[in-house]
Structures are given as C-alpha cells and as structure tokens.
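What follows is a short report on a single structure.
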There are 4 protein chains.
Amino acid sequence: MTTAPVRFGLIGTGRIGQVHAASIAASANAELTWIADPIVAGAEAVSARFGGRVTTDAGEVIASGEVDALLIASPTPTHVDLIAAAVAAGIPALCEKPIDLDIARVEALRPTVAAAGVPVALGFNRRFDPAFASVRARVAAGEIGELEQLSIISRDPSAPPAAYVAVSGGIFRDMTIHDFDMARFFLPDIVEVSAVGATLFDDGAREHGDFDTAVVTLRAASGAVVSISNSRHSAVGYDQRLEAFGARGFLQVANAPSSLVSFSGAEIVEAKPPYENFFLERYSAAYAAELEEFVKLVRGEASTSPTFDDGRAALLLADAAQRSATEGVAVAVDLG
Amino acid sequence: MTTAPVRFGLIGTGRIGQVHAASIAASANAELTWIADPIVAGAEAVSARFGGRVTTDAGEVIASGEVDALLIASPTPTHVDLIAAAVAAGIPALCEKPIDLDIARVEALRPTVAAAGVPVALGFNRRFDPAFASVRARVAAGEIGELEQLSIISRDPSAPPAAYVAVSGGIFRDMTIHDFDMARFFLPDIVEVSAVGATLFDDGAREHGDFDTAVVTLRAASGAVVSISNSRHSAVGYDQRLEAFGARGFLQVANAPSSLVSFSGAEIVEAKPPYENFFLERYSAAYAAELEEFVKLVRGEASTSPTFDDGRAALLLADAAQRSATEGVAVAVDLG
Amino acid sequence: MTTAPVRFGLIGTGRIGQVHAASIAASANAELTWIADPIVAGAEAVSARFGGRVTTDAGEVIASGEVDALLIASPTPTHVDLIAAAVAAGIPALCEKPIDLDIARVEALRPTVAAAGVPVALGFNRRFDPAFASVRARVAAGEIGELEQLSIISRDPSAPPAAYVAVSGGIFRDMTIHDFDMARFFLPDIVEVSAVGATLFDDGAREHGDFDTAVVTLRAASGAVVSISNSRHSAVGYDQRLEAFGARGFLQVANAPSSLVSFSGAEIVEAKPPYENFFLERYSAAYAAELEEFVKLVRGEASTSPTFDDGRAALLLADAAQRSATEGVAVAVDLG
Amino acid sequence: MTTAPVRFGLIGTGRIGQVHAASIAASANAELTWIADPIVAGAEAVSARFGGRVTTDAGEVIASGEVDALLIASPTPTHVDLIAAAVAAGIPALCEKPIDLDIARVEALRPTVAAAGVPVALGFNRRFDPAFASVRARVAAGEIGELEQLSIISRDPSAPPAAYVAVSGGIFRDMTIHDFDMARFFLPDIVEVSAVGATLFDDGAREHGDFDTAVVTLRAASGAVVSISNSRHSAVGYDQRLEAFGARGFLQVANAPSSLVSFSGAEIVEAKPPYENFFLERYSAAYAAELEEFVKLVRGEASTSPTFDDGRAALLLADAAQRSATEGVAVAVDLG
C-alpha cells in the first residue's frame, strides 16, 4: 500500500519560500499543489519549476480543499493571521520563524492554537541539522555527563540591507532567535537572560538603533549556562559552531568545509577554502529533514516539534535580551 | 530558447546503473527513455522510480531511434560490443570502466572508435570529483610548482565476494584501474610501472590467486613519481586520499567526513565519526558532474574526457602492474 | 664583553616558586642566589636542585645585598608587603598574581610603586605564551581588521581542594583573573563587566559560596566585546583557547596537543590523545619567556610589562565580576 | 643512594655533536668530560658551553680512563675505527648513523662487536620520538590488528650542498637510511626492496649521479608492505609523517606544528604557520630520550637498541634500494 503524497500550499515565494518549494518537490512524500504570493510573478516562477496552482490570495489556498498542509513562508507580519486561518480550517501548518515581532500578538493567538488540536510547527530548521541533532542525542545519552555549558557561535556572512534592519525587530528577534531556539533544543527551561550588544561596523544597524554584534548569556533551570556570540558579518562565510560541555568532555559542531582540499606551503600549512557561504548551503540537509518530519506530523506519525510554544519562547528570550542589553540588567524569564 | 533534454538509454541496472539512472532523472538536461537489462525485474524497478521503457535487449534500445545517448553500465564483458554498436549507430556512449579485461579486445576496437567520430567517454567518475578536479586545476595553475610526487591512497571498505574476485581481472584491473586513471589525470604520460602485491586477509583473493593489498609506483615522462596504496578493506570506511607535492608545497584531498561533530574527552580528543562509507556516498557529486559533462559532450559543447584511449591506457597500466608484481621487475609502458 | 647573570632572590617555593627556580637555573642570564620560605624544607629542596642560599626570612634576602631581583612566589597575602620592601630596597620585583585579594590594599600600595621608579612586574605568564603573543601581534598588525570580538575559554583540569577555595578570593579573583589580564592584553581599556556564575559540581565551591562555572562578558572602550568561559573542571585536560574576531576573519589559539598521533577506526577517526594536562606543561615556554623578559627589564633593556597597574586592573575587573554575578547587573569600571 | 653521572667522551663537534653535547649537559644522569675534534676550535666552543676537556685526538679520550661512554658524532668514515677502539677499550658507544657507507667494512667489524660484549648502540634517533614510539607500542598492543601497510613520508627542507652529496653515499644511504630503520622498528624482518629514484630539481644530485626524489617499497616477512616517499626539498619545512594501517584502522603521526595559532579569512580557513623546520627542532625530545636510554644501557639497566646489527640492516636495505633503483628489479634481502 502506498500513501498519497501530502499536498502542500505554499504561502510566500521569497528566498525561504523557494527553499521549501524545492524540498517539497524533491520529496517522494510531498507535492506542491497551490502557491500564493501577492507578487504573482514570484508564485509563477516557483510554479514553473515545481508545479502547483498560483494565486495572489492565501485565503484561496486555504479554502481550496486541495491542500493537506500549509507552508507559511510569507513576511513575518502575516504569520499570526495565517496560522489562525490554517487552524480554523483544520490544516496543519509549518510556519517560518518568528511567529511575530510582537509578543502580545503571539500571546493572543496562543490559546487558539492550544485549543485547536491542529498541528502548528515552527520553522527552526537548525534543529534538523544532522550535526546539531546528533550532538543533542549524544548529550541526552549522557556521553558528556550533565550539560554544564553550551556555547553557540552564529555569524552571518554580511549585514542585511538597512531597509531590512528597519523592519527586522532587531538582531535578537531576527538573528539570535535561531540561537535562542538552539539553546532551548538542549535546555528548554531558560530562566534568565543577560545580553550585551554593540554597533561596530554596520551603518544600517547604526541608523536604526540596532546592534550588529551581540553576546548573550542564558541561565537554565538546571544551572547550566549558555553563551551565544553573534555578528552580522563574517569574512569566512557562514560561521555556525556549537560546543556542549560537561564533566566527561565536550561535543563540538565545526563549520562545514566547502571542499576536502587543503594547501600547505612555505608560509601556511593545512589551509582550506572558506566555509559554506550561507544558510541555504549550510542547512540544505536540515531543510529537507524538516520537511520530511513535518510530513510525518501531518500524517500523524510524529508529534509537533518545534511547537508554537517554542516559537513563543524564542521571542520571549529575544525580548528579554533586548531589555537586558538596553538596561544593563539580567532579566528573569518564565517560559511556562 | 530551451534545449530538449538528452534522451538516455541505460544498459544495465546493477548498482552503478542505478546511480546513473538517478543522475539522469535528477538532471534538468537529461531524461531516461529506455532501460535494458536481461534481468527484466531490475530494469522495471529502475523504470518505476525514474521512468523509461523497458527491454531485455540492449539492441532494441540502440535501434529505437529514441535515445540520443547510451549509458553502458552492464557487465564488463559486454562493453566492447556495446561500444561498437553505439558507434555504428552514431550514438554517443558513456561506458563504465574498464572497457574490457582483455587488452587485445580493446586494441581491436580502438581503430573503429578513432575513425567513427562518435564520442565515447569512459566512466572514470573520480575525475569529476570537485576535490580532485580542484587540485588538478591548482597544480596546473602552478600553485605548487612542478609536480614531483603524486600519492594516492585508495582503500575499499571491505573485500568483494570471492565470486566477484574470480571474474574481476584481479585487483589492478578492477580496483587500481581508478587510481591509474587518477594518476594520468595529473600525469598522462606514464612510462614505467613497478608494483608489489600481497595477500594478507582476503580468502577470496587467496583462492583466486589475487592480491588484497597493493603498492604501485609509476614514473611519468616528466620524471615525476606516483605512489598508489590499495587495500581491499578499510575499517574507517572508504579511504580516498591524494597528495600532489611540488617545490612550493603540496595540495591534499582529505577523506570526506560523514559529520561535523567531534568528541573530546578524558581518553581521546577531536574524535570524529567514520568517513563516508563507500563510493556512492563519497562520489555522489562526481557522478552528477560526470553526467552533466557527458550531456555537454552529446550536445557538442564539450570535448570527450576521459576518452576511450584513457580507458585503454588505464588497462595497459593494470596489465603492466600485474606483470611487475608477478615478475619483480619494473615494466616500461608506451601509452602512445 | 659579557654581562653578569642577574642574581635572583626567590620568595616562596611552592609549585609556582619551583617553576621560577627552574627557569632561573635554565637561563644563561640569571642565577639563583637566595631562597626564602618559612617552610625551610621547601627552600632546601629547591636549593639542592638549583643552588642558592636558604633562609626562612624573606627580609634577609632583601637585605643581603646579593640579589639584583626578587621573584615573589609566596602566598598572596604576603605580596603587598614584599613588593613594598623590594621597592624600598630598590630591588626590581616580579610578583605572582594577584597582588592581593583586597583592592584597598592594592590601592594603598599603588602610589608607592608609582613613585619609586623601581620596576615591579606582574606574573601574568600567559602574555608570554608564543601563541597568544603571536595572535596579539597579528591583530595589532591589522590581519583581521579592527578587533570586534575576543573569546576566551579557560578551564582547569579539576577543582582545587575546598581549603584552597576558602582562601582563594573566589573564582573571579583566583582563576578568571588570568583571563581578565588576557582580555586587557588585547583590549586594555575595559569599561563594563557582566558576569554569570553557577555552582554545578564542586562541593568546595558550594561550601564556600563560590562558583565553579562562570561566563563573563566585557565591553571595551572601543566597543569590542569579550567573552570568557570558565570551568573548574575539564575532562580533556587544561582547556585554553582564544579567538580574536574581526572584519577580515579570525585568529585562533588551539589547545596544545600532547602528541602528534591520531587513531582512525571503525567507530571514530582522527582521535588524538588528550591535551597537555595543566599550566606547567601548557605554559612552560611562557614561564621561560617571562623570566627572560624580566631579566631584560632588570638590565634596563625593556619596559615593565605587565605592570603593577595591570595587576590592579585585573583585580578591579574581578571585583566587578563578583558584583555583577551577585547582583545581576552590568557593572561599569574605570581602570584609569 | 645516588648514582654518579655517566661520564661522556664526545667525538666530533659538528651539528649533531653539538646536539648530543647539549643533551648530555641537560641530563641529570650524564656529564661531558672529554671532547675530541681535529678542528680544535669546535671542541673548545662546545667545552665553553657544556664543560669537558678538549683534544684533537679521539684516542686520547678513549685512553683517558675518564669516560664511561663514548658518543661518536664524527664523520662517517671514522665510525668503524672508533667503534673498534671503543669496544677494545671496553667502553660502551653510541654511534651516529650510518656505521659506514661500505657494507664490507661493516661486515668486517661485525664479529668483533658481536664477540666483545660491550654495548654499541646506533644513533637512529627517530625510534625515540614519542610519537613514533607510541604508534609502535599501540600497533604491538594490537590496536589496529595485524600491521598490513606502513607508509612513511620523509622530506628534508632543502637539498644539501653538492659537496656533501658527493660524499654522502647517495640518498638511500644518507637520507632513506632513517626510514629503513623506521620500517624495521615496526617490521624488523624485511625481505625485499623495490626502489624508484628521480632527479628533478637538485643540481648537486644531478652532478653526482644521485637522486633527489625516491619512492621505496619494502616487503616484510609477514607479508606487510612498506611505502617510503623521500624528497630532498620541502617548502613546508621538515616533512615527517607515518601511517600504520591494519584491519582495525590506522594510526598516524602528523607533522609537528610550530604554533597553536590558525588564521581563517575570506580566502582560506584554518591556515597554520609552517611546520618545525628541521630535525633539531622536530626531534629534540627524541635526542634527549635517546641519550637517557643510552645512559640506562651503560648502567646495565637497558638492553642495546638500536643495535650495531640494526645499523648494518639499514645499510643493507640502502644498498638493495640503490641496486633496485638502478637496475629496475625487486631485490631480495636477507638481514639475518
């Protein structure tokens, strides 16, 4: 007996929407049936490559009766309404992060999602990266003893345009939010946030009162401490490292080499080409795994992960970091 | 203007045939229209996944008028006749290595291929590996000065079944043949072969008078020296390394890590999981690139590489190595 | 013309005193003429190996007229008085860190040292480590552009005895103090300290209200941000890493391998033996270089570095970290 | 009870003689009492640094009655007579490699050494390198299963002067001889030698009919195969690597980094400074360990290793390699 592919409606066809469209098309368990984007040319381009009917109206997709699942990859301000609509229509949704930049809107939606019984998964793709997932499993298996320190380095290749910075919600809500979720992947119960921000090189950040550099320290209920280092630029390419430290040693995730080649000469030895440039390359396997896991969820073969509440928790941590960095105090948080 | 995909006929649906079928299916520039295998179930299984009409008769494919290119992945003894038939029909062919185990048959076919003007490419996939190709390009660009020493380590995860060993033509014609071609990728004009073989662990090799361990030294016309180390088993997984050494330094190709994770503890530090297990994983990018390059060749946008004569040269080197290992003499070769 | 060796008086013959005695003995430019320790057996043991007259009274050494330089390696509470006595006698002194656990005593001594014109150097040995010194020089030369982030990992192999913890002044004054100085080696002008401490595994720390785990964030006047991660235990051996990050890339100091050997097998590959166990092994070259630099200072061939004021600054940072970790606020500091 | 230091007579004060003088001086178990060199200025310079009486006549040292051990570091042609004289005088000797360039002279001396009962050790310092010794011990302990392949890369930083090449005995007797001994450190019973030489860059080698590049394959009685790669130049510094391969995996010795620092930027990542430049740096620990082991031998606390017969075996292999490279045949050897 074969199972019919899960029929996806894709909302939004920007960079991340295209990633998901490709994942859906590449999966034997999924197909792209509807694509919505107010900019119809974007939707049509995706349709040309991967199939699916095109509309400018997300509501048409939800009402079509021809989608088993919704992939919400539209701009952040649309997420809350789309999740609400999906839940109302009984259609499981995978929504890109963040749920919203305004925690009040998230809190308002929360009871609806909790009551509906329709799966809503959050697009924290890094949880599905084979390396991070492996470290988490090995930590859980006790390989390093109790987790005492978790260190995350996360630096983007280059700062986004000033116009993006203006609406991004700031570095903590836009960029560190991935690291907050990664911290919670290992230590769900974070109780305190201390953050230091700096604006060292990016005019866009300076113009909009944002930071381009940040260091965040989290304290977990277990007592474990998390360190996050962010920068909006990185000469080496996408810089994504993690170290989980415990009494028996540590597990590390290294940057992804772009090549197996190294050069050794009179001035330098063992020099490699730069790392994978950015998230599309670095996390390609993660996006594919994320889609497959969501398909299982739609089919009732998996539980929701990461959840709406994981998305809310990451935003709460971002808000706390913003306050800590601004006021110079450690901020207690309650994610319950 | 779009170009129609190159229509492929696939002959043979064993392990390597399936690899090529997947590459064809994944390419925007190719499609699988015919599949031939005397074991029809194999052809049908491939067809179910990737499309294409099925037959037990390769001749039907060639005569169909519905293939622009032939991918010959059938057992070695069939290669010579299939190449001849493809050439006669004017259909470009990509043929798996080796052309044949008998150099006399290869020599007999050679004038036909040379005269025909129909491209015949040999399936030395490793030339298309990004790492090896990069090293070759950097050597050619003079980064390490004149190439003086080339060292190749090539070890399979585990010895093949004794039945396979029996018909393999021996380790030099079956396994080292890839390394002979890799040597010639850097140094086409090899003039001398010295080989030492040993049978240390594999009962199949012992039974059939073959070696399971081999070390080969080649001398190039330039004076450069090539070292090849082979083993029919490798605990770490597929062990595929290369070092190109010159006056200004060396370029190395490392084994492919299967993960970005490392563990450090009280007994060991920086320990990684084993390497990619075997050629399907290690050379997946190479197979895809090989297919794309062959498509260009079929379309007249590239020249043939590696050629039928490259296939012949590798076999001449294998024959010379067999003689050298048996007789304990350095064997001069003339690949002209 | 040869220069006579600098005659050293060594005060204190514990672990670190023995290190300095060996460095003095190994140097062609220094000799050990006097050794003082209230526990005379310790002094005698050092004298038996490296020469020098023995006394239980440090004052006798200072008054002897037979020492050109004083090496103060006695317990911390004795440092202030010994520095004062050395300065009064016009004898240059190299004093182990910290100057004192009480900043008031340091401040009280400060004008005396400043006015005296007798060199007083502080034993922050890590500044003399070839790797850290090289990174600092390369950063100063602009290799990574402006320094934006400095990350220091510093973990001891195992927690000290509870009795030591009781008088240590706490993790920030005892252990992190080295990292504060390392931070100031790169970024002398630190303006703000945020610290988080945790007590996760060490009963001695728990008993005495100390932390065994700490994460400290410093902000420099330049805007650069420093991250320090400490632990009182480390399964891999002494864990001493540093990364200097700027717009053009980063420079890293790796842990010191204890061997050039690695093992690759079916379960793990490239596994190395653990790192050098502790500071005596890891920083042996640094101790020797520190001594040689101090000899130059005594001879008037070098300026004082690190200075008494560097010692004071590190203690101010430790005090600020203690307050930050306790009160949950970022603490502004003025090191001027 | 303390043991008196072993009194050494040093014969020869060239580069390697100075190394040994320093090792003797640094050892608590040895002292330098006599130094002989026809060039008296050399002997006097060593004496000034490390002590010892000076003479131009090695015989005076042997006859002095003031040496417990002889360290023969004079030019190769003097070794045989000095060993004979030491043995006749009942003085244990540590002789630098090679014993002689002429196997006939070695064979003539052999019965004398065998009969005398006076220890004669050969200066194959690499056996005492901690990394090589560790790999050998781990192989012996079965960590990789039966040893199947041993790969040695050994490249000097730069070619010696032509005048040196003229009297060196050729690359196999001068340079590869260390690698032959290293091969026998793992696999004492070598039965066959195949060698390929090339002259690619060194005018001195060309002028004197020598090779500057060599690849040697050895076959052991166990069936294991050894690969040696030599070059008389190496841009990266002294290139000394080894890999022991067996059924369960492999153990590798990497080159010695000269620094713990690496640089990562936009063009390259993880680039380290060049390796230790040459044998004095790379093998400093080995020279010290060699001396200590020889002291134990003199005191009757250790057995001779490597022996005179090890020196003879290495020369037999070098002679066989020379013949193999010249005649293009595998050469059987009997080291019994």
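The values are calculated or read from the model by the stated rules, or taken from the named source; none is laboratory data. Here the structure is a predicted model, which is why all the values come from computation and not from measurement. A quick note on method: Cβ atoms are made from the backbone with ideal geometry, for glycine too, and the neighbour counts reach across all protein chains shown.
Checked against (1) surrounded by 20 or more Cβ atoms within 10 Å (Cβ to Cβ); (2) of a type in the set (D, E); (3) within 14 Å of chain B (Cβ to nearest Cβ), D:E327 meets all criteria but (1). From the list A:A114, A:A84, A:A121, the lone residue that is within 24 Å of A:R299 (Cα to Cα), within 24 Å of the chain's Cα centre (by Cα) and assigned to a strand (DSSP E or B) is A:A121. Answer yes or no as to whether B:G90 is surrounded by fewer than 23 Cβ atoms within 10 Å (Cβ to Cβ) and either of a type in the set (G, A, S) or at pLDDT below 95 (or both). Yes.
Only residues that are in a loop (DSSP other than H, G, I, E, B) and either acidic (D, E) or touching a strand residue (DSSP E or B) at 6+ places or on another chain (Cβ under 8 Å) (or both) were counted in the range B:87-111, giving 7. Annotation for the range D:129-144: at least one member residue is part of a loop (DSSP other than H, G, I, E, B) and touching a Leu at 6+ places or on another chain (Cβ under 8 Å). Counting residues in the range B:105-112 that are closer than 27 Å to D:V226 by Cα and either β-branched (V, I, T) or outside the structural domain of B:V226 (by TED's automatic domain parsing) (or both) gives zero.
Yes or no: D:D203 surrounded by fewer than 23 Cβ atoms within 10 Å (Cβ to Cβ) and touching a residue at least 60 places away in the same chain (Cβ under 8 Å)? When the stated conditions are applied, D:D203 does not pass them.
Out of B:A93, B:A69, one residue alone is outside the structural domain of B:S222 (by TED's automatic domain parsing), touching a Phe, Trp or Tyr at 6+ places or on another chain (Cβ under 6 Å) and under 16 Å from B:H20 (Cα atoms). It is B:A69. Is it the case that some residue within the range C:292-310 is buried (at least 21 other Cβ atoms within 10 Å of the Cβ) and more than 24 Å from C:V6 (Cα to Cα)? Yes: one or more hits. Checking the stated criteria, C:I228 turns out not to satisfy the condition of being touching a Gly at 6+ places or on another chain (Cβ under 9 Å), closer than 13 Å to C:L317 by Cα, hydrophobic (A, V, I, L, M, F, W, C) and buried (at least 22 other Cβ atoms within 10 Å of the Cβ). Does D:R138 meet the test of being at pLDDT 95 or above and closer than 15 Å to D:Y238 by Cα? Spelling it out, it is not the case that D:R138 is at pLDDT 95 or above and closer than 15 Å to D:Y238 by Cα. Checked against (1) within 22 Å of the chain's Cα centre (by Cα); (2) hydrophobic (A, V, I, L, M, F, W, C); (3) facing chain C (nearest Cβ under 8 Å); (4) over 18 Å from D:L187 (Cα atoms), D:V253 meets all criteria but (4).
Condition first: more than 24 Å from the chain's Cα centre (by Cα), of a type in the set (S, T, Y) and under 17 Å from D:P5 (Cα atoms). Can you find one or more residues in the range D:43-59 that meet it? No: zero hits.
Per-residue answers, yes or no, for (1) within 26 Å of D:A235 (Cα to Cα); (2) more than 19 Å from the chain's Cα centre (by Cα):
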position: B:A214; (1), (2): no, no
position: B:T217; (1), (2): yes, yes
position: B:L242; (1), (2): yes, no
position: B:L260; (1), (2): no, yes
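Scanning the range D:41-55 for residues that are of a type in the set (G, A, S) and in contact with a strand residue (DSSP E or B) (Cβ under 7 Å, 6 or more places away or on another chain) returns D:A43, D:S47, D:G51, D:G52. Only residues that are farther than 28 Å from B:I268 by Cβ, within 15 Å of the chain's Cα centre (by Cα) and within 14 Å of chain C (Cβ to nearest Cβ) were counted in the range A:141-175, giving 3.
Of the residues making up the range B:35-75, those that are closer than 19 Å to B:R299 by Cα and surrounded by 23 or more Cβ atoms within 10 Å (Cβ to Cβ) number 5. Of the set (1) assigned to a helix (DSSP H, G or I); (2) surrounded by 20 or more Cβ atoms within 10 Å (Cβ to Cβ), all apply to B:I153 but (1). Does the range A:303-310 contain at least one residue that is facing another protein chain (nearest Cβ under 8 Å) and either in contact with a strand residue (DSSP E or B) (Cβ under 6 Å, 6 or more places away or on another chain) or in contact (Cβ under 8 Å) with a residue 60 or more places away in the chain (or both)? No, the conditions are met nowhere in the range A:303-310.
Residues considered: D:S259, D:S284, D:S234, D:S264. Of these, the only one that is surrounded by 19 or more Cβ atoms within 10 Å (Cβ to Cβ), within 14 Å of chain C (Cβ to nearest Cβ) and hydroxyl-bearing (S, T, Y) is D:S264.
Does D:A214 satisfy being crowded, with 18+ Cβ neighbours inside 10 Å and at pLDDT 95 or above? Answer is yes for this residue.
Does any residue of the range D:85-103 turn out to be touching a residue at least 12 places away in the same chain (Cβ under 8 Å), closer than 26 Å to C:A26 by Cβ and not hydroxyl-bearing (S, T, Y)? Yes, the range D:85-103 has at least one match.
Within the range C:241-250, restricting attention to residues that are surrounded by 19 or more Cβ atoms within 10 Å (Cβ to Cβ) and more than 9 Å from chain D (Cβ to nearest Cβ), which residue is farthest from C:G142 (Cα to Cα)? Looking at residues that are surrounded by 19 or more Cβ atoms within 10 Å (Cβ to Cβ) and more than 9 Å from chain D (Cβ to nearest Cβ), I get C:L242.
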